[in-house]
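This report refers to the structure that appears directly beneath it.
The values are calculated or read from the model by the stated rules, or taken from the named source; none is laboratory data. Bear in mind that the values here come from a model prediction, so they are computed numbers and not experimental data. Cβ atoms come from the backbone with ideal geometry, glycine included; neighbour counts cover every protein chain shown.
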Amino acid sequence: MLDETEEGHVTEDGRQIGGVLMEMRNITLRFGGVVAIKDISFDIRKGEIRAIIGPNGAGKSSMLNVISGFYHPQEGEIWFKGARRKPMKPYQVARQGIARTFQNIALFEGMSVIDNIMTGRLTHMRSGLFSQALWWGPAEREELENREVVERIIDFLEIQHIRKTPVARLPYGLKKRVELARALAAEPELLLLDEPMAGMNVEEKEDMSRFILDVNDEFGTTIALIEHDMGVVMDLSDRVVVMDYGRKIGDGPPEEIRNNQDVIDAYLGVAHD
Amino acid sequence: MIYREAGDFKTTYRDDSQTFPIRFDRRAYYALVAVAFLVLPFVMNDYWASAVFVPFLIYSIAAIGLNILTGYCGQVSLGTGGFMAVGAYAAYKLMTAFPELNIFFVVLLSGGVTAGVGVLFGLPSLRIKGFYLAVATLAAQFFLVWLFNKVPWFYNYSASGQINAPERTIFGIIVTGPSTPAWSKYLFCLTILFILSWVARNLTRGEVGRTWMAIRDMDIAAEIIGVNPLKAKLTAFAVSSFFVGVAGALFFAVYLGAVEVTEAFGIQKSFLVLFMIIIGGLGSMFGSFAGAAFLVLLPVFLKNALVGGLGWPTDLAAHLELMIVGALIIVFLIAEPHGIAALWRTAKEKLRLWPFPH
Ligand SMILES: Nc1ncnc2c1ncn2[C@@H]1O[C@H](COP(=O)(O)OP(=O)(O)OP(=O)(O)O)[C@@H](O)[C@H]1O
Ligand SMILES: [Mg+2]
């Protein structure tokens, strides 16, 4: 069972879960008359895999968009690493060590796989315009160092064979994997995944689940993920937030969520694809 | 069997990020550079220099500049003529105000001034996109030409309203002014193109280049990986305008020698350079050269073949040129948005596998 101390705890499978990394406090987000998120609070602990589930239109993607700075909530506070976060632009959030993937793949279609993943290293690259113009020396060294990091990620995700392929030519499942690679290239502290397995076949889902677990296990990356496949959620996550119509109706470890009556009602009562 | 990639394995990432990863291409490039610097200046005549080579070199610089902005960063500009005019007038003011200043630095500084002006006109690009940005740059085009016509300070109050390039030398060789020999115009422009294309290549293969392409392909995703969109777009405007400004300075000071702004840097110049990168290939260095070569050579070819060879009237040949260019633009925009560069790439891929297609 989860113990609630600040220092964290060790999971059954031996992973270290730390203190609170990110905390959402009383977040409310409205689009005109539509209330996408209504007074929701939850936290994400260092090292855990946190799932966000809920029927279509529940406000899950909106929540990730709030975290990554695309949407600015009308009410509520966001706390990251023990400090209250000012309203930020997405690129500033990225520089804080938060990376993500999108529900609808958002890759750079005109670029090769390797270039796409290299863009993920942006927050780690320092050389200025003039040194890049000259190339020799610092800029080249930096490029090669970062290329090595990217090659390790390519090996890790087993996409060596498509390294030079233009992204536009890839099938859906591989695109999802390249998008994960780009997010991983940033070596984020917090990784947000919006339906990483949507539209995949069973085999691809298994691969993706394995990658997510490996990322969490090997790099200690904290992960928040949205997923519709209950089996996957139960297998992967340490704790689950359940949303319905913008409200939070459940929060806890998977086995507790599975038996939560509100959650069962929400899933049975709402048309779901 | 000469053109081979197989067996040409890369053992380091450094080799893999070279400009010409295939050995054959690399050798062809060295040979081309050697011929351009060591052979051509001694064999070319005035006609070839002024009708083909010098304009090709200068338009290549302008096309690389516009390609950085439009092809790599996805920001359409119809202000190229206006920005070339900024480069030209900056060069004129610098040459007349600081006669001691070496022409090489005059050209670079003119690029710098144009970069500043480009950033200024690039500011709206954060808010407006696509068609509306194109219209905004069109406004810049007309405003700049109007400005250089209207404010006598820019043409040093000369009665004609024209600007004339005074004579300047490098290592004792005349490169500007009426008595400049053709080969020295050529060599000066070639040197600058050589340096600048190397710079452009470095920028586009590295982090800045990827940032530009990220903005072009999907600005939301670019932001999420940490790209500041305003900064990325403004660097593209700055670098692009620098190139275009240098091209304008050379066009005035080295190529024409005397310039009337509406005639030399009007809206038709903006379209000409835009057509070069569309036909040559958006987002490709090679495409910038190919497009410039094509649109410089086409009228020369038509004139020699149709007017000289078949005795057609000149205006008919000129109309035919417009029709060919128009048709090509449409064909390329619909069928091959990456231009001659993409056709070339496909041909090479075929060649690489020949004679075994699989
Ligand atoms: N930019 C926006 N403008 C207006 N309304 C929005 C916007 N983004 C989300 N919404 C609304 O907010 C609500 C929640 O949407 P959200 O995309 O967060 O749902 P979701 O839980 O991710 O659903 P799904 O499982 O279908 O992805 C929906 O009613 C949606 O229409
Ligand atoms: Mg969603």
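Can you pull out the residues in segment A:84-95 that are of a type outside the set (Gly, Ala, Ser) and either over 14 Å from the mean Cα position of the chain (by Cα) or facing chain B (nearest Cβ under 7 Å) (or both)?
A:Arg84, A:Arg85, A:Lys86, A:Pro87, A:Met88, A:Lys89, A:Pro90, A:Tyr91, A:Gln92, A:Arg95, listed by residue number.
For segment A:100-119, the set of residues classified as among the aliphatic types (A, V, I, L, M) and under 14 Å from A:Arg177 (Cα atoms) consists of A:Ile105, A:Ala106, A:Leu107, A:Val113, A:Ile114, A:Ile117, listed by residue number. Pairs under 7 Å by beta carbon, first residue closer than 21 Å to A:Asn216 by Cα in segment A:227-255, partner of a type in the set (A, V, I, L, M, F, W, C) and assigned to a helix (DSSP H, G or I), six or more apart or different chains? Correct list of pairs: A:Glu227/A:Val233; A:Leu236/A:Ile212; A:Leu236/A:Leu213; A:Val240/A:Val233; A:Val240/A:Ile257; A:Pro254/A:Val233; A:Pro254/A:Met234.
Just to verify a result, which residue in segment A:41-60, among those that are within 12 Å of ligand 1 (Cβ to nearest atom) and either touching a helix residue (DSSP H, G or I) at 6+ places or on another chain (Cβ under 7 Å) or of a type in the set (Lys, Arg) (or both), is farthest from A:Ser237 (Cα to Cα)? My answer is A:Pro55. Of all the listed residues (B:Phe301, B:Phe251, B:Phe243), the sole one being touching a residue at least 24 places away in the same chain (Cβ under 8 Å) and either within 14 Å of chain A (Cβ to nearest Cβ) or surrounded by fewer than 22 Cβ atoms within 10 Å (Cβ to Cβ) (or both) is B:Phe243. Among the residues of segment B:106-119, is any more than 14 Å from chain A (Cβ to nearest Cβ), at pLDDT 95 or above and in contact with a strand residue (DSSP E or B) (Cβ under 9 Å, 6 or more places away or on another chain)? Yes, there is a match, as at least one residue in segment B:106-119 is more than 14 Å from chain A (Cβ to nearest Cβ), at pLDDT 95 or above and in contact with a strand residue (DSSP E or B) (Cβ under 9 Å, 6 or more places away or on another chain). Would you check if there is a residue in segment A:5-22 being within 16 Å of ligand 2 (Cβ to nearest atom), in the same structural domain as A:Asp251 (by TED's automatic domain parsing) and either without any contact (Cβ under 8 Å) to a residue 40 or more places away in the chain or surrounded by fewer than 21 Cβ atoms within 10 Å (Cβ to Cβ) (or both)? The answer is no, given that none of the residues of segment A:5-22 is within 16 Å of ligand 2 (Cβ to nearest atom), in the same structural domain as A:Asp251 (by TED's automatic domain parsing) and either without any contact (Cβ under 8 Å) to a residue 40 or more places away in the chain or surrounded by fewer than 21 Cβ atoms within 10 Å (Cβ to Cβ) (or both). Segment B:180-289 holds helices (runs of 4 or more DSSP H) entirely within its bounds, and those carrying 1 or more residues that are at pLDDT 95 or above, in contact with a Cys (Cβ under 9 Å, 6 or more places away or on another chain) and under 26 Å from B:Leu109 (Cβ atoms) map to B:207-217, B:229-250. Of A:Val66, A:Val113, A:Val150, all but one fail to be more than 11 Å from chain B (Cβ to nearest Cβ) and within 20 Å of B:Gly209 (Cα to Cα); the exception is A:Val113. Counting only strands (runs of 3 or more DSSP E) that fall entirely inside segment A:188-273 and contain at least 1 residues that are within 14 Å of chain B (Cβ to nearest Cβ) and within 13 Å of ligand 1 (Cβ to nearest atom), the qualifying elements are A:190-194. Tell me, yes or no, whether segment B:260-272 has at least one residue that is within 8 Å of another protein chain (Cβ to nearest Cβ) and either among the β-branched types (Val, Ile, Thr) or under 25 Å from B:Val52 (Cβ atoms) (or both). No, because not a single residue in segment B:260-272 is within 8 Å of another protein chain (Cβ to nearest Cβ) and either among the β-branched types (Val, Ile, Thr) or under 25 Å from B:Val52 (Cβ atoms) (or both). Can you confirm whether A:Phe102 is of a type in the set (Phe, Trp, Tyr) and surrounded by fewer than 19 Cβ atoms within 10 Å (Cβ to Cβ)? No, not satisfied.
Which residues, counting only those in segment A:152-185, are of a type in the set (A, V, I, L, M), surrounded by 14 or more Cβ atoms within 10 Å (Cβ to Cβ) and closer than 23 Å to B:Val208 by Cβ?
A:Ile153, A:Ile154, A:Val167, A:Val178, A:Ala181, A:Ala183, A:Leu184, A:Ala185
Of the set (1) more than 16 Å from ligand 1 (Cβ to nearest atom); (2) touching a helix residue (DSSP H, G or I) at 6+ places or on another chain (Cβ under 6 Å), all apply to A:Tyr172 but (2).
Assess whether A:Arg100 counts as being within 16 Å of ligand 2 (Cβ to nearest atom), in contact with a Ser or Thr (Cβ under 8 Å, 6 or more places away or on another chain) and within 11 Å of another protein chain (Cβ to nearest Cβ). Yes: the conditions hold for A:Arg100. Restricting A:Ala51, A:Ala99, A:Ala58, A:Ala36 to residues that are touching a residue at least 24 places away in the same chain (Cβ under 8 Å) and either out of contact with any Leu (no Cβ under 7 Å at 6 or more places or on another chain) or of a type in the set (S, T, N, Q) (or both) narrows the list to A:Ala58. When residues in segment B:311-333 are screened for being in a helix (DSSP H, G or I) and more than 17 Å from B:Gly291 (Cβ to Cβ), 8 of them pass. Suppose we filter segment B:206-219 for residues that are in contact with a helix residue (DSSP H, G or I) (Cβ under 8 Å, 6 or more places away or on another chain) and surrounded by fewer than 20 Cβ atoms within 10 Å (Cβ to Cβ); how many remain? Residues that pass the stated criteria total 1. Going by what's in this entry, would A:Val149 be described as buried (at least 16 other Cβ atoms within 10 Å of the Cβ) and more than 18 Å from the chain's Cα centre (by Cα)? Answer is yes for this residue. Out of A:Met118, A:Met125, one residue alone is modelled with pLDDT of 95 or more, away from ligand 2 (no atom under 16 Å from the Cβ) and at the interface with chain B (Cβ under 10 Å from one of its Cβ atoms). It is A:Met118.
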